[in-house]
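Written below as structure tokens is the structure these notes are about.
What follows is calculated from the coordinates using simple rules that are stated; it is not laboratory data. Remember, it's a predicted structure, so these values are computed and weren't measured experimentally. Glycine gets a Cβ as well: all are built from the backbone with ideal geometry, and neighbour counts include every protein chain shown.
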Amino acid sequence: MKKLISKSILIFSLFFTVGSQAFSQVLEDYNSKWEEGERETWFSSNDRLLLELDIESFPLAYFSFEFPDHSVVFVGEKLWFFTDQDTAFTEQVAEFKKEFSGNQANLTVFKNGISSEQASVKKILQSERIETTINGDILLSEKRGFDRQSIRDFFVLGLLISLLLISLYKLAYPFIFAMMIKPLSLLNAEDFSESGSLQKFFSLDILFYVFIVNMLLSLAMVTSVVVFRQEWLEARVALGFNVLIMLWIGGAFFLLILTIVKFTAIKILSYLFDLGKLEFPHFFYLLRLVVIATIGLILICAFFLFNEFSSVKRALELSFVGFFWIYILGILGLFLIMVNRLGFKKYHLFTYLCIAELVPFLILAKLVLDLGH
């Protein structure tokens, strides 16, 4: 009898101990309240779950969250975090309310093909530490704090200003505009002919054109920095709409200065290699390539910002990879054109292009890659 009582007490104690660590009293189960979103307009997002959370009652209780891999979570219009792997965690209701003011919080989870069975939200009485692990590593979610509508507003305003300047430039310099934007010139290489019309750089029309191109490139770069390294950026500046505008304009002027330095370096190298006035066709050939690639990058940014926001990070990653290889192919094309049209020795041109283009571009690509990670 004593052994039976002792065993009963031991079993009860073990059950109570395990139960107190693994289970918590559920105050409210939100899993039956998920609403699956559908595509309504061209600007709306696909494959999303919507849920309205009560953050007023039980402030000392905890929310228990579980989200699938590669999902993006918003609270209202504010991007909360995204997950690389299946992620589960808890957060106290009072702390959650401090971060997202109001009595109600609209939770939105984005992922292609997501269903209500893949995500879970409960309000529990006692905090339970839930960690999802793979290969012994704890999977962490990366918290974010910027408002997706703010980044959209910034992008739209920057794009509208750039388009306005492009329209003014087309009215003021229609011949240069038509010549600098047509893709066919990348194949016929008309700049390398003796009658090439682009023979000036430090003139108002060319500098204005280069500045507009740098505005578009800076717009894509600032958007990418916010998407990839928002926490890194917030640690250095008070991130907001006005700050993004200042970063964009400042970045455009910085790129303009960098472009002037690059052209000057090409001019010096062409003189040292005794290549004559090769710096003009060289520079404008690659500038035309950058213009076409930048337009494609801007269009991709615009589409995913307004249509598939949950996939914008992946889209930008692929876009920058594509930009990298397009520029590399442009350098190769430039080499072939110079060999066939100008009659210089191959090793002479190869050394020149490595010093003038390939090595600086690879160094810049490495810096961008490090910043992205």
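Highest mean first, the peptides 281-290, 360-369, 309-318, 323-332 sorted by other C-beta atoms within 10 Å per residue fall in the order 281-290, 309-318, 323-332, 360-369. Using θ = phi - 60° in the Karplus curve 6.51 cos²θ - 1.76 cosθ + 1.60, the 3J(HN,Hα) couplings for region 28-35 round to 8, 9, 8, 5, 7, 9, 4, 10 Hz; x is entered for Gly and Pro.
Averaging the inverse of every distinct alpha carbon separation and then flipping it gives the Kirkwood radius. What is it for region 148-372, in angstrom units? If you can, show how the numbers build up before the last one.
Numbers: mean 1/r = 0.0536 Å⁻¹.
Hydrodynamic radius (Kirkwood, Cα only) of region 148-372 equals 18.7 Å.
Annotation for Trp325 and Val261: the two label points, set 7 Å from Cα along the Cα-Cβ direction, are 3.0 nm apart.
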